[in-house]
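For reference, the structure is listed below as structure tokens.
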Amino acid sequence: MPKRILIQLDPDSQPSIFDAVVAVDAGADVLLRHGGVTVDTVVPLVHGAMFTRGGADLASTAIFIGGSDVPAAERLFDAVRGTFFGPVRVGVLLDPSGANTTAAAAVVAAARHLSFDASAVDGCRAVVLGGTGPVGQRVARLLARKGVAVTIASRSQERAEAVVERIRGGLPSAQLRCVASGSEPLPAELRSAIEAADLIVAAGAAGVRLLSASERSAATRARVLIDLNAVPPAGIEGIAPTDKGRPDAAAVVYGPLGVGGTKMKIHRAAVHRLFEDASVCLDAEELLALGEQLDAAG
Ligand SMILES: NC(=O)c1ccc[n+]([C@@H]2O[C@H](COP(=O)([O-])OP(=O)(O)OC[C@H]3O[C@@H](n4cnc5c(N)ncnc54)[C@H](OP(=O)(O)O)[C@@H]3O)[C@@H](O)[C@H]2O)c1
């Protein structure tokens, strides 16, 4: 069996150490780390992966695209996939800023307690606070794909509408709307979205509180509240970082570390998967499917 080589392509000048450590823990024998990669420089790197090993051995080479610049990483993902032809390809995983694995883990956590069954008479409703960031956008996209009616809260109508447009571009049937967020008192539209929500996900920037305890008391229907912010103060007041399905009034709550364990499992399993099948391309949707399999297996 040839050594498992993971080629880390990163738009940042210094490729992410976090991604490198996870890759080694997930079983990569050799890591080739490239920083400052752009769509103009990526093709020869991909050719190097495609043309060195043949047949079944090709699956022992794979590409991980990460880094902190999410749009740049997405452009690299498209360029890498566009370079492959026929069976001459290697597995690719896209997870810039951990956004795909984190969003997938948040949706897996919510699905433990909620049915996303689109045929339900009164379908599931979610509010994504900080829904314009890399993580929030993906949470919104994954939920919308499940048939959930998603409200994206943002301080900027323009940014929120751009997110809605982007998601609808790939999913025209998505039930999405945007509302203005802001400090107390909550804007009326956001307050009524929170009152009606079955699920609330806080995906705001690190160290930013998006929902105080009194604002949260409007969430009378919510069955799951998830806070992804690990830097104090909590994004949703009263949720501790380690909460993992903790009952809290009528809901269950998850904090960033409670979701983070699942995120790490998905990340490691995804790197494993790359080395099983050279045809896989793992974006948020495929990572969610992987997370659902892992969760079902316990
Ligand atoms: N648990 C894990 O393993 C894990 C992994 C990755 C990320 N995370 C966490 O997940 C969260 C989301 O990550 P991200 O990279 O998507 O976040 P981000 O891009 O830094 O911020 C998300 C959104 O928060 C809003 N925001 C920023 N500053 C704000 C402020 N001062 N007041 C109110 N809103 C503000 C912005 O939305 P608007 O400007 O549109 O309002 C922004 O788009 C972060 O807390 C991050 O640390 C956790």
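This model, with +1 at the C-beta of Lys and Arg and -1 at the C-beta of Asp and Glu, gives the chain a dipole about its Cα centre of some 220 debye.
Between residue 122 and residue 285, the distance separating the two model label sites (each 7 Å from Cα on the Cα→Cβ line) works out to 3.1 nm.
With all pairs of separate Cα atoms included, the range 1-112 yields a Kirkwood hydrodynamic radius of 14.4 Å.
Label sites at residue 297 and residue 223, each approximated as a point 7 angstrom past Cα along Cα to Cβ, lie 2.7 nm apart. One chain, two ends: residue 168 and residue 38. Fully extended at 0.36 nm per residue, the span grows by 44.1 nm beyond their Cα-Cα distance. Taking a virtual spin label 7 Å from the Cα of residue 29 along the C-beta vector, which residues in the range 46-62 bring their backbone nitrogen under 11 Å of it? Hits in the range 46-62 for residue 29 at 11 Å: 60-61. For the range 117-174, trypsin sites (Lys or Arg not before Pro) meeting the loop criterion (DSSP other than H, G, I, E, B) and having at most 14 other Cβ atoms within 10 Å: 155. Whole-percent P(r), the range 1-66, all Cα pairs, 5 Å bins from 0: 4, 17, 29, 23, 18, 8, 1. With point charges of +1 on the Cβ of Lys and Arg and -1 on the Cβ of Asp and Glu, referenced to the Cα centre of the chain, which listed residue (128, 100, 115) lies farthest in the positive direction of the dipole? The residue sitting farthest along the positive end of the dipole is 115.
If you look at the Cα atoms of the chain, you get an Rg and a Dmax of 19.6, 62 Å. Across the range 273-298, the residues whose backbone nitrogen lies under 18 Å from the label position 7 Å along the beta-carbon direction of residue 52 are 274-279. Scattering from the range 104-259 was approximated by placing one identical point on each alpha carbon and applying the Debye formula without solvent; log10 I(q)/I(0) at 0.16, 0.19 1/Å stands at -0.78, -1.15.
Couplings 3J(HN,Hα) for the range 267-277, derived from phi with the Karplus relation 6.51 cos²θ - 1.76 cosθ + 1.60 (θ = phi - 60°), are 4, 5, 5, 5, 5, 4, 4, 4, 8, 9, 8 Hz, where x marks Gly and Pro.
When +1 charges are put on Lys and Arg Cβ atoms and -1 charges on Asp and Glu Cβ atoms, the dipole computed for the range 104-259 relative to its Cα centre reaches about 400 debye.
For residue 244, the lysines whose Cα falls under 26 Å of its own Cα, not counting residues fewer than eight places away in the same chain, are 146, 263, 265.
Read-outs: derived from the displayed coordinates by stated rules, not from any lab. This one's a predicted model, so the numbers in the text were calculated from it and none came from an experiment. Glycine gets a Cβ as well: all are built from the backbone with ideal geometry, and neighbour counts include every protein chain shown.
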